[in-house]
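Working notes for the structure below.
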Amino acid sequence: MHSLYPYPCDMKPIPLILDCDPGHDDALAMILAAHNPSLQLLGITTVSGNGGIAKVTLNARRVATLAGINVPIAEGAGKAILGAIEEAHDIHGESALDGAELPQPKIELSTLHAVDLIAKLLAEHPEPVTLVATGPLTNIALFLKMYPQLKAQISEIVFMGGSASRGNRTPYAEFNIWMDPEAADVVLRSGLPLTMCGLDVTHQALVTKPIFAQLEEMQSELSKTIIGLLKFFAKTYDEVFEMPDPPLHDPVAIALLIDRSVVKSRFVNVQVELSGPLTRGATVVDIYNRLGEEANCNVALDLDFNKFWTLMLDAIRAAATTK
Ligand code: BDR
Ligand code: CA
């Protein structure tokens, strides 16, 4: 699975903002978003999820420093819309990014709140921008409520979250949606073009032994750090989910922007369960349109494993040579 360069260079790069909660897979999503020539990363915003807001913001700045990512970074919501707060120590460790020593951040934190940085970047950009969310949807929902006049500047919202089958935080709720179901509800009802990248597809993006072997071959400081992070992630995934090859969820939401054929999707109706005592936070994905509701979301269901990993590994190679 060696590089498939060149990527189409006659097309303009897709402008995007990444809202994330790093997090092991978020860190890799940052690298892919910043180091693929088909994308133009405008900014990174953080949201509490895998760790509290201070931790994930520090992690985002450290990963940006490590991987030569030089874009504005702004801190966002520290709690869900209804005030809930939780950390995913069982999967991502105490720091939310355990497993390797990361550099002290050299990238300054923006003085703007994440929601205001998103507004500024959208207002300033000459074309509509894609928002990619790889954490709870709190910042995105707040943005839609606070800046409705900028909706037309969003070309699409792609989010990692939900599932057409079972969950991972509860039997039916996936972690990002579970953390802030009300925010997911605002996004799903927004009327904007939406793509959901849920567990159905991200559980196919496994960090297998041959993928680890390709990372070992790179022998860069960056690849060594990533191996440390992913070994930690593999250990917790094995302990909690009996999955020795961990799924690299978040970069799938970036990869599909670069090449739509990385996933196979269906355009269907998706709603989020807000009240079920056992099912709160579940995404109800109506594949066969049994409810007769209008389709509102493109749902990625299948992954082209080789295409995905070619993009991801190329980005890690490119990042390692950036100063
Ligand atoms: C999602 O939850 C987080 O732990 C990961 O970073 C990913 O965004 C997977 O359910
Ligand atoms: Ca995440």
query: When you look at Asp90, is it more than 25 Å from Ala141 (Cβ to Cβ), open to solvent by 10 Å² or more (accessible area, probe 1.4 Å) and part of a helix (DSSP H, G or I), yes or no?
result: yes
field: Odd one out for Gly51 among (1) in contact with a strand residue (DSSP E or B) (Cβ under 6 Å, 6 or more places away or on another chain); (2) in a loop (DSSP other than H, G, I, E, B); (3) within 14 Å of ligand 1 (Cβ to nearest atom); (4) not aromatic (Phe, Trp, Tyr)
entry: (1)
query: Restricting the range 174-201 to residues that are within 17 Å of the chain's Cα centre (by Cα) and of a type in the set (Gly, Ala, Ser), which is nearest to Asn296 (Cα to Cα)?
result: Ala184
- request: State the number of residues belonging to the range 42-63 that are within 27 Å of Arg260 (Cβ to Cβ) and surrounded by fewer than 24 Cβ atoms within 10 Å (Cβ to Cβ).
  value: 2
- prompt: If you go through the range 133-181, how many residues are assigned to a loop (DSSP other than H, G, I, E, B) and open to solvent by less than 20 Å² (accessible area, probe 1.4 Å)?
  reply: 10
task: Output the residues belonging to the range 141-169 that are within 16 Å of ligand 1 (Cβ to nearest atom) and either over 14 Å from Gly191 (Cβ atoms) or at pLDDT below 95 (or both).
output: Val158, Phe159, Met160, Gly161, Gly162, Ser163, Ala164, Ser165, Arg166, Gly167, Asn168, Arg169
query: If you go through the range 239-246 one residue at a time, do you hit one that is in a helix (DSSP H, G or I), open to solvent by 10 Å² or more (accessible area, probe 1.4 Å) and within 11 Å of ligand 1 (Cβ to nearest atom)?
result: yes
- prompt: Of the residues Leu97, Leu82, Leu28, Leu16, which single one is at pLDDT 95 or above, in a helix (DSSP H, G or I) and of a type outside the set (Gly, Ala, Ser)?
  reply: Leu28
field: Tally of residues being within 16 Å of ligand 2 (Cβ to nearest atom), of a type outside the set (A, V, I, L, M) and either under 10 Å from the mean Cα position of the chain (by Cα) or open to solvent by 40 Å² or more (accessible area, probe 1.4 Å) (or both) across the range 247-264
entry: 3
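The values are calculated or read from the model by the stated rules, or taken from the named source; none is laboratory data. Keep in mind it's a predicted model, so treat the numbers as computed, not measured. Reconstructed Cβ throughout: ideal geometry from the backbone, glycine too, with neighbour counts over all protein chains shown. With ligands, DNA and RNA removed, areas are computed over all heavy atoms of the protein, side chains included. Shrake-Rupley method; radii C 1.70, N 1.55, O 1.52, S 1.80 Å.
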